[in-house]
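K.L.:
Sharing a structure here in structure tokens format.
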Amino acid sequence: MFDKSNSQPETGPFFARDRSWHPPAYTPGYKTSVLRSPQRALLSLGSTLSEITGPVFGHAMIGELDNDLIHNFARPGESAIGERIIVHGRVLDERGRAVPNVLVEFWQANAGGRYRHKKETYLAAIDPNFGGCGRTITDADGAYAFRTIRPGAYPWPNGVNDWRPAHIHFSIFGHGFVQRLITQMYFEGDPMIWKCPIVNAIPDRSAIEQLIAPMDWGNTVPMDSRAYKFDIVLRGRRSTLFENRREGN
Amino acid sequence: MAQSLGYLKETPSQTAGPYVHIGLTPNFCDITGVYPQDLGTALVNERTQGERIVITGRVFDGAGAPLKDAVVEIWQADAAGLYNSPSETRGSADPHFAGWGRGPADAVTGEFRFETIKPGRVPYPDGRPMAPHVTLWIVARGINIGLHTRLYFPDEAQANAADPVLARIEHRDRVSTLIATGTAPHYVFDIHLQGPQETVFFDI
Ligand SMILES: [Fe+2]
């Protein structure tokens, strides 16, 4: 590792993305990808300032209940129905360094597997006290945490009998716009993970395992909530220690 | 055996799914009272410097149908060509312009909309100026990993012709997929995921 002092903002270009680790665009087992996958080769580009930079959000924008999905949509004195869990972890980069001040947004179905959305047609009940969205910002150690209920699995129109394993959607910003990432977290021990066409869009089994959060017994809150730990890795920057400088720069 | 490099693997991407609006723009899809407003919906205020413009567009699938469950995010420089980012070392960007916007596709028409300013020019790593451009990132159900592209302006023909990134496009008839249509102040940028007009997407 080429750790430098953390005092200067990093401005180096990012490691190239290992696209064999991610799902390819075209994955016919996940039918919607068939008409939504670019067919031409991507144009490979070294990062310019437009990609190395990115928006960074302040802790001030986060409301008190933003990371509490049990209460952030509930009527006063009430709470969402379901198994109470805490999801926590760290956002790191590929060099293993903590990434602070990262906006992490999450959304999920309720305990019965139903989303609060006009186009949602699953017959499971709506929970009047559950909205399904939350957000937080990582601290100086890259750590984040939120409280929610464990989402239910749900059926979806793809194959004749396809079900999504229980999952939480994550949207993560880094410090550069090319670190932008959306993914999904799954729960340790769920046999449905390995049957899901969206999961199986990822070719490498160990890459899938990177999306499965283990139960974190040590951080379980007695008589209150179980904990799951989900670490997230964003693209890392190349070291710029010995980067060639052009004349006059 | 050599030492391990010790690098971690990037977390693999998964599709944003059909309900990405719940997570990213809850007020837009009627989940109110959680956040005061959706992030990224207002880019400018009355003190922002620069020429006001509007960008609208739609994302089309391979059958020519507009996506109604997409989210498009934009990232751009301020009017002086500076990014409002800790990684910007050339100066301080306009404090009244965040440079980042988030546009949910309309549930009926699929249109996204940004009220922003025309960005200034930003240098390429070798120092040559790039033409004014806006960086875009597109996610939706059926998109397994977010797509990066750029919008250039139709009234910047000279700058576009000298742009080092546009110059990298081998099939010259595809350059036009990155150039908005319309005229100031209203530009239209349609994104085609497939087909003869498939937008040039970047691996950056
Ligand atoms: Fe989902």
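K.L.:
Look through the stretch B:53-64, keep the residues that are small (Gly, Ala, Ser) and within 9 Å of chain A (Cβ to nearest Cβ), and return whichever of them is farthest from the chain's Cα centre (by Cα).
P.N.:
B:Ala63
K.L.:
A:His169 fails exactly one of the following numbered conditions: (1) within 28 Å of A:Ala80 (Cα to Cα); (2) over 15 Å from the mean Cα position of the chain (by Cα). What is the number of that condition?
P.N.:
Only one criterion in (1) within 28 Å of A:Ala80 (Cα to Cα); (2) over 15 Å from the mean Cα position of the chain (by Cα) is unmet by A:His169, namely (2).
K.L.:
Determine, yes or no, whether A:Val56 is under 22 Å from the mean Cα position of the chain (by Cα) and either modelled with pLDDT of 95 or more or in a strand (DSSP E or B) (or both).
P.N.:
no
K.L.:
Quick test of your reading of the structure: B:Val134 fulfils all but one of (1) on the phi < 0 side of the Ramachandran plot; (2) in a loop (DSSP other than H, G, I, E, B). Name the failing condition by number.
P.N.:
(2)
K.L.:
Between A:Leu123, A:Leu103, A:Leu92, which is free of Cβ contacts under 8 Å to residues at least 60 places away in the same chain and aliphatic (A, V, I, L, M)?
P.N.:
Just a single option satisfies the conditions, and that option is A:Leu123.
K.L.:
Need pairs with beta-carbon distance below 9 Å; first residue at the interface with chain B (Cβ under 7 Å from one of its Cβ atoms) and within the stretch A:30-45, second surrounded by fewer than 17 Cβ atoms within 10 Å (Cβ to Cβ) and of a type in the set (A, V, I, L, M, F, W, C); sequence gap 6+ or separate chains.
P.N.:
If the second residue must be surrounded by fewer than 17 Cβ atoms within 10 Å (Cβ to Cβ) and of a type in the set (A, V, I, L, M, F, W, C), the pairs left are A:Leu35/B:Ala63; A:Leu35/B:Ala65; A:Leu43/B:Ile169; A:Ser44/A:Ala16.
K.L.:
Quick one: which of B:Asp173, B:Asp163, B:Asp155, B:Asp126 is over 13 Å from the mean Cα position of the chain (by Cα), away from chain A (no Cβ under 13 Å) and not in a strand (DSSP E or B)?
P.N.:
So the residue among B:Asp173, B:Asp163, B:Asp155, B:Asp126 that is over 13 Å from the mean Cα position of the chain (by Cα), away from chain A (no Cβ under 13 Å) and not in a strand (DSSP E or B) is B:Asp155.
K.L.:
While we're looking at this one, here's another question. Across the stretch A:79-136, what is the number of residues that are of a type in the set (Ser, Thr, Tyr) and within 16 Å of the ligand (Cβ to nearest atom)?
P.N.:
3
K.L.:
In addition: Among the candidates B:Leu67, B:Leu5, B:Leu24, B:Leu82, which residue alone is within 11 Å of chain A (Cβ to nearest Cβ) and at pLDDT below 95?
P.N.:
Just one listed residue meets the conditions, B:Leu5.
K.L.:
Further question on the same structure: Here is a list: B:Arg141, B:Arg90. Which entry is under 26 Å from A:Thr27 (Cα atoms), part of a loop (DSSP other than H, G, I, E, B) and basic (Lys, Arg)?
P.N.:
B:Arg141
K.L.:
Say we look at the stretch B:1-36 and pick out the residues that are part of a loop (DSSP other than H, G, I, E, B) and closer than 21 Å to B:Gly110 by Cα; which of these is nearest to the ligand (Cβ to nearest atom)?
P.N.:
Applying the filter and picking the extreme gives B:Gly17.
K.L.:
Tally the residues that are closer than 19 Å to A:Thr136 by Cβ and among the charged types (D, E, K, R), restricting the search to the stretch A:72-119.
P.N.:
So the answer is 4.
K.L.:
Only one of (1) within 12 Å of chain B (Cβ to nearest Cβ); (2) within 16 Å of the ligand (Cβ to nearest atom) is not met by A:Ile52, so which one is it?
P.N.:
Exception for A:Ile52: condition (2).
K.L.:
With the checklist (1) more than 15 Å from the ligand (Cβ to nearest atom); (2) within 30 Å of A:Arg114 (Cα to Cα); (3) buried (at least 20 other Cβ atoms within 10 Å of the Cβ) in hand, flag the one item B:Thr41 doesn't pass.
P.N.:
(3)
K.L.:
Another one. Among the residues of the stretch B:44-69, how many are away from the ligand (no atom under 16 Å from the Cβ) and assigned to a loop (DSSP other than H, G, I, E, B)?
P.N.:
Total meeting the criteria: 16.
K.L.:
Sort out for me the strands (runs of 3 or more DSSP E) sitting completely within the stretch A:160-236 that have 2 or more residues that are of a type outside the set (Val, Ile, Thr), in contact (Cβ under 8 Å) with a residue 24 or more places away in the chain and within 13 Å of the ligand (Cβ to nearest atom).
P.N.:
Hits in the stretch A:160-236: A:162-164, A:167-172, A:181-187.
The values are calculated or read from the model by the stated rules, or taken from the named source; none is laboratory data. Quantities reported herein were computed from a predicted structural model and do not represent experimental measurements. Positions of Cβ are backbone-derived with ideal geometry, glycine not excepted, and every protein chain shown enters the neighbour counts.
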